[in-house]
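The values are calculated or read from the model by the stated rules, or taken from the named source; none is laboratory data. Being a predicted model, the structure only gives us computed values, none of them experimental. For neighbour counting, all protein chains shown are included, and Cβ atoms are generated from backbone atoms with ideal geometry for every residue, glycine included.
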Amino acid sequence: MDAATAPPPSPARWRVGLEQSPVSSVTFRHAREHRVKACRGIILKGMCGIVGYVGPLTPSDRPLSVALEGLARLEYRGYDSAGVALATPDGVQMRKKAGKLKNLRDSLETDPLPAATAAIGHTRWATHGAPSDENAHPHLSADGKLALIHNGIIENFAALRAEVESSGVRLRSETDSEVVAHLLARAFDAIGDLTEAMRTVSARLQGAYTLLAIHEDVPGVIVGARRNSPLVIGLGEGENFLGSDVAAFISHTRTALEMGQDQIVTVSADEVRVIDADGAPVTPREYTVDWDASAAVKGGFDTFMAKEIHDQPAAVGDTLLGRADETGRLRLDEARIDESVLRSVDTIIVIACGTAAYAGHVAKYAIEHWCRIPVEVELAHEFRYRDPIVNEKTLVVAISQSGETMDTLMAVRHAREQGAQVLAICNTYGATIPREADAVLYTHAGPEVAVASTKAFLAQITACYLLGLYLAQLRGNMFIDETQALLAELAEMPSKIQEVLDTEGHITDVARDLSGVDSVLFLGRHVGFPVALEGALKLKEIAYIHAEGFAAGELKHGPIALIDQGQVVIIVVPSPRGRDQLHAKVVSNIQEVRARGARTIVVAEEGDDNVEPYADVIFRVPQTSTLLAPLVSVVPLQIFACQLASAKGLDVDQPRNLAKSVTVE
Ligand code: F6R
């Protein structure tokens, strides 16, 4: 790709874009006739996975098989337990098991459930109550006629639980969710209408929820509700689907409806009705999912993480595509901020969590250098609670792969309340954070399934560079030929990343040799510092090895005391062609730790011979300019963690205690 010339339009593989005109009817009978041509890549992520299916009133095995298939695709959202409930001629039948989906499948094989007309299924990431059979979803009402699944946290559940218990109901689980099942059943008994019952009960709930419920008196219907948690509807022929994201039903339909905040949906085999919290009909927006189901499978790799590491040249390339107009000027995907406001911005605060925050650290170096605006980087959960100084001249940049991270979302809301403009960098089209932001720059990494973020990180860094160049262009810090020169350099990055991937065999050998170590330290300087932090995080989260990242200059201020005979230290070395003798200083750091017995693994540019005398092992990366180096230097560290965890026989894609996206504070 030559970014110096006008780049081609946005990537086909992960294309986004939404038809403006909504479908004309609130009732989606024969939904395909109403289809509006739209294309939209969407994979909303949140804790717990939810799936629903409603088919014809003749019972069959399809509801259960669709639900189990959906759960398999959603298991990355949580895997503490899995369960299903079916609407059958014998009433509501439920099965749920602690542990991974396999436990539920095994139980269903030994003791099958009857044919059904509708199914709801849930895969859990535990919040209230341990991961046990009792706390698994679905939850039944006291009379066993209603089953409910829930994603999120009901914040006022203690008061509601006391109310339910005082009415004589004995709760079977410790969850906040079971309480809602009892409230809903009671409301249904009083009102006689499941939709209205859901609307009444939802109005009493505080917090975040996606709810789906079935009742044996209405066996062809699922009723759902959402607030601050995702829910999408899939439109089929004579059948309909619900899911936390489209992965739940992608192999059955690509036509989906977006559910808005505080809406209630009633789905039968051939009808979808949506109402708002006041009961008024709502016309949801319809779109076509145009990413391939194969994008969500492992593509020949042993793990999703390995596949996603190899997706990175495409993730970076796709994120760069289609960014300039015909005059060569950069633009944002969605800009609801006046350009004059962006010109007057005097501070940028990046808010994010985990890996996304490390992308923000890289952004700081680039944006301050290119735009001469002070950039602070703060963990979203810290920002939110420290009374930050934010005003209308502050641009808050919220980075989130999922767009659903609750800490980041709350920080976004807080920043906006203080008058700041918020720009979101997000990988999930239409997720809550970009919806609430004033401007959006989407990354085009495609669906990231492995819990440990890799390709989204590189895409986030790429988007941060684009943002820096956009601001530099807007504020007059750079001429158009300067931004284009940098874009041309960025355009070379996918092939440079591929060069690193081609060295995977060497990195794998090293990782296997070191699979017995119990501590690894990472050192980096300048943009190599966030790379060191990210390398350490990857190793902690998937290989369960104690790992710390340090700024190399900090070594002598304390961390060097940790160096002992055999301690593994990975050092990210800056380019010898860079400024300020950084390279020489980091080479000295390698000598210092080696002299104290450390085993040194050095990430260094091709042709950098200075490191050779002090390195036990070298991971080579292609030559790049200093600011762009993280796009290549983090890749060996990702491969190292992935291969080391695999060598230890660990579940690389679903590490213990973690979920893909943290949608609770
Ligand atoms: C680590 C990882 C997490 C996420 C963090 C933010 O591998 O994936 O640290 O980066 O939870 O998630 P998003 O980007 O979805 O807001």
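Brief remarks follow.
- Sole residue being more than 20 Å from ASP609 (Cβ to Cβ) and buried (at least 16 other Cβ atoms within 10 Å of the Cβ), chosen from LEU582, LEU533: LEU533
- GLU368 vs. criteria surrounded by 15 or more Cβ atoms within 10 Å (Cβ to Cβ), outside any loop (DSSP other than H, G, I, E, B), away from the ligand (no atom under 14 Å from the Cβ) and of a type in the set (Asp, Glu): no
- Region 435-462 residues that are at positive phi, paired with ones that are aliphatic (A, V, I, L, M) and more than 11 Å from the ligand (Cβ to nearest atom) (beta carbon under 7 Å, 6 or more apart): GLY446/ALA295; GLY446/ALA315
- Flag for GLU339 being acidic (Asp, Glu), surrounded by 15 or more Cβ atoms within 10 Å (Cβ to Cβ) and either in contact (Cβ under 8 Å) with a residue 40 or more places away in the chain or under 23 Å from LEU486 (Cβ atoms) (or both): no
- Filtered residues of region 162-181 (kept if of a type in the set (D, E, K, R), closer than 16 Å to TYR209 by Cβ and not in a loop (DSSP other than H, G, I, E, B)): GLU178
- Here region 531-551 is the region considered, the condition is being assigned to a helix (DSSP H, G or I) and among the hydrophobic types (A, V, I, L, M, F, W, C), and the residue that is farthest from GLU592 (Cα to Cα) is ILE542.
- The lone exception for VAL568 - which of (1) crowded, with 17+ Cβ neighbours inside 10 Å; (2) free of Cβ contacts under 8 Å to residues at least 60 places away in the same chain; (3) more than 27 Å from the chain's Cα centre (by Cα); (4) closer than 27 Å to ALA459 by Cα it fails: (4)
- Number of positions in region 332-349 that are in contact with an Asp or Glu (Cβ under 6 Å, 6 or more places away or on another chain) and modelled with pLDDT under 95: 2
- Failed criterion for THR266 (all others in (1) crowded, with 24+ Cβ neighbours inside 10 Å; (2) part of a strand (DSSP E or B) hold): (1)
- Put simply, of ALA296, ALA398, ALA352, ALA380 the only residue that is more than 14 Å from the ligand (Cβ to nearest atom) and either surrounded by fewer than 24 Cβ atoms within 10 Å (Cβ to Cβ) or at pLDDT 95 or above (or both) is ALA296.
- For region 367-411, a tally of residues being out of contact with any Cys (no Cβ under 7 Å at 6 or more places or on another chain) and at positive phi returns 2.
- Residues (buried (at least 22 other Cβ atoms within 10 Å of the Cβ), assigned to a strand (DSSP E or B) and not aromatic (Phe, Trp, Tyr)) located in region 219-242: ILE222, VAL223, GLY224, ALA225, ARG226, VAL232, ILE233, GLY234, LEU235, ASN240, LEU242
- Only one entry of GLY354, GLY322 meets the criterion of being within 23 Å of GLU482 (Cα to Cα) and of a type outside the set (D, E, K, R), and that entry is GLY322.
- Of the candidates LEU146, LEU140, LEU160, the single residue that is surrounded by fewer than 24 Cβ atoms within 10 Å (Cβ to Cβ), more than 25 Å from the chain's Cα centre (by Cα), under 24 Å from GLY243 (Cα atoms) and not hydroxyl-bearing (Ser, Thr, Tyr) is LEU140.
- Residue tally, condition at pLDDT 95 or above and part of a strand (DSSP E or B), over region 112-149: 12
- Residue that is surrounded by the most Cβ atoms within 10 Å (Cβ to Cβ) [pool: residues in region 92-131 that are among the small types (Gly, Ala, Ser) and within 18 Å of ALA181 (Cα to Cα)]: GLY121
- Taking the numbered list (1) outside any loop (DSSP other than H, G, I, E, B); (2) touching a residue at least 40 places away in the same chain (Cβ under 8 Å); (3) in contact with an Asp or Glu (Cβ under 9 Å, 6 or more places away or on another chain) in turn, LEU184 passes all entries but (3).
- Residues of region 627-665 classified as touching a residue at least 12 places away in the same chain (Cβ under 8 Å), under 22 Å from PHE301 (Cα atoms), away from the ligand (no atom under 16 Å from the Cβ) and assigned to a loop (DSSP other than H, G, I, E, B), total: 1
- Selected residue (only one of LEU474, LEU441, LEU458 is among the hydrophobic types (A, V, I, L, M, F, W, C), crowded, with 23+ Cβ neighbours inside 10 Å and closer than 23 Å to ARG336 by Cβ): LEU441
- LYS556 more than 16 Å from the ligand (Cβ to nearest atom), surrounded by fewer than 17 Cβ atoms within 10 Å (Cβ to Cβ) and either under 24 Å from GLY354 (Cβ atoms) or in contact (Cβ under 8 Å) with a residue 60 or more places away in the chain (or both): no
- Selected residue [polar (S, T, N, Q) and in contact with a strand residue (DSSP E or B) (Cβ under 8 Å, 6 or more places away or on another chain)] from THR200, THR195: THR195
- Answer from ALA551, ALA561 - the residue that is more than 16 Å from VAL611 (Cβ to Cβ), in contact (Cβ under 8 Å) with a residue 12 or more places away in the chain and either within 16 Å of the ligand (Cβ to nearest atom) or not aromatic (Phe, Trp, Tyr) (or both): ALA551
Yes/no per residue for (1) modelled with pLDDT under 95; (2) within 26 Å of ILE563 (Cα to Cα); (3) not hydroxyl-bearing (Ser, Thr, Tyr):
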| site | (1), (2), (3) |
| --- | --- |
| ALA598 | no, yes, yes |
| ILE601 | no, yes, yes |
| ASN610 | yes, yes, yes |
| VAL617 | no, yes, yes |
| PRO630 | no, yes, yes |
| VAL634 | no, yes, yes |
| CYS642 | no, yes, yes |
| ALA647 | no, yes, yes |
| ASP653 | yes, no, yes |
